[in-house]
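Enquirer: Handing you a structure now.
The values are calculated or read from the model by the stated rules, or taken from the named source; none is laboratory data. No experiment lies behind these values; they were computed from the predicted model shown. Here the Cβ positions follow ideal geometry from the backbone for every residue, glycine too, while neighbour counts run over all protein chains shown. The accessibility values were calculated without ligands, DNA or RNA, using every heavy atom of the protein model including side chains. Shrake-Rupley method; radii C 1.70, N 1.55, O 1.52, S 1.80 Å.
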Amino acid sequence: MAGEEQQGTTARQPKAAERTEGEHAGQERAAQGRPTEAPTPGQRTASVADRPVDDGDGDVADARSGAAEGGASGDGGSAGTAGGAGAGGAGAGGAGAGGAGARGAGAASAKPRRGNRSISGLILSLLVIGAAAAVMYLFIPHNDKATPVKRVDYRVELITARRAAPYPVAAPVGLPKAWKPTSVTYQQDKGAAWHIGFLDPQGQYVAIEQSTAPAKGYVTSVSQNATNTGRTQRVGGEEWQRWKGGHYDALVRRTGKATTVVTGTAPYADLAKMAAALHFEQTKS
């Protein structure tokens, strides 16, 4: 009886070794995420049939073998389930990334729209401001003909020039107040040059120029390069030469040692009015 038990024990040891190798193989497959190959029903029946039948101990060994095989199968199933869950998570992550990309594209497409709305608002604001400025300009009183040129009093300079100049100095007498004097100078060192500037009632410029400098060059200079037309105009009983230029016209007359020029942007009619109002005087010291 003891010999039979020893033989049974010896016969069961290889089976245990085989089960141990099977368990290791199942665990390796589970660790690598591969399903454990379960034996077919025929193979399992053959392995059970090959075992020797003994009195109780064999049943315990068979139960252990079945438990080991079941554990291996369970490990493989768990690994497969975990792998499937991982793949599903990856798919869900891809879907989330796709959603995020769609939202980013939507946000990018929304930015130009906001920029277009901002530019449109700016243009509309400028148009409103321009319209308001136009209304203010139309309804607020203003003087478009206002001029910053001030009226000057030339009486002191005229007295000085008539005392110093070597010729009778000309100045208007009896002009209406609408003629506004704007400038006056006397320069002894530049041919004893005398100058009075006026604005006529229409706002055109008229100047009286006198000097002992050579006539041709002097008239060309003060008349802004006007030229002699060869014609004359009788004003106040005196003959005046008519000069015409691109900017100024002029009436010119030689008086004693000096040349007298009435020139400016005004028409010849207003130049003649100034020439007719001139009074020539020299003060003896």
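Enquirer: Determine, yes or no, whether residue 119 is in a helix (DSSP H, G or I), of a type outside the set (Gly, Ala, Ser) and at pLDDT 90 or above.
Expert: On the way: in a helix (DSSP H, G or I): yes; of a type outside the set (Gly, Ala, Ser): yes; at pLDDT 90 or above: no.
Spelling it out, it is not the case that residue 119 is in a helix (DSSP H, G or I), of a type outside the set (Gly, Ala, Ser) and at pLDDT 90 or above.
Enquirer: While we're on this one: Exactly one of these conditions fails for residue 239: (1) in contact (Cβ under 8 Å) with a residue 12 or more places away in the chain; (2) assigned to a helix (DSSP H, G or I). Give me its number.
Expert: (2)
Enquirer: State all residues of the stretch 163-190 that are within 18 Å of residue 218 (Cα to Cα) and open to solvent by less than 20 Å² (accessible area, probe 1.4 Å); if no residue qualifies, say none.
Expert: 165, 167, 169, 170, listed by residue number.
Enquirer: Suppose we filter the stretch 207-221 for residues that are more than 16 Å from residue 165 (Cβ to Cβ) and not in a strand (DSSP E or B); how many remain?
Expert: So the answer is 7.
Enquirer: So, one more: Considering only residues of the stretch 146-162 that are without any contact (Cβ under 8 Å) to a residue 12 or more places away in the chain and either in contact with a Phe, Trp or Tyr (Cβ under 7 Å, 6 or more places away or on another chain) or not hydrophobic (A, V, I, L, M, F, W, C) (or both), which is most open to solvent (accessible area, probe 1.4 Å)?
Expert: Looking only at the stretch 146-162, we keep the residues that are without any contact (Cβ under 8 Å) to a residue 12 or more places away in the chain, and these are 146, 148, 155-156.
Filter again for either in contact with a Phe, Trp or Tyr (Cβ under 7 Å, 6 or more places away or on another chain) or not hydrophobic (A, V, I, L, M, F, W, C) (or both), leaving 148, 155.
Numbers: 148: 120, 155: 157 Å².
Looking at the filtered set, the residue picked out is 155.
Enquirer: Of these, 174, 203, 191, which one is closer than 13 Å to residue 260 by Cα and part of a loop (DSSP other than H, G, I, E, B)?
Expert: 191
Enquirer: If you don't mind, another one. Residues of the stretch 252-270 being surrounded by 14 or more Cβ atoms within 10 Å (Cβ to Cβ), within 18 Å of residue 168 (Cα to Cα) and in contact with a helix residue (DSSP H, G or I) (Cβ under 7 Å, 6 or more places away or on another chain), which ones?
Expert: 252, 259, 261, 262
Enquirer: Let me ask something additional. Which of (1) open to solvent by 50 Å² or more (accessible area, probe 1.4 Å); (2) over 23 Å from residue 168 (Cβ atoms) is the odd one out, the single condition residue 239 does not satisfy?
Expert: (2)
Enquirer: Starting from the stretch 264-277, take each residue that is at positive phi and list its partners that are open to solvent by 10 Å² or more (accessible area, probe 1.4 Å) and of a type in the set (Phe, Trp, Tyr), counting only C-beta distances under 6 angstrom and pairs at least six apart or across chains.
Expert: Going by the 6 Å Cβ cut-off, the qualifying pairs are 264/205; 264/248.
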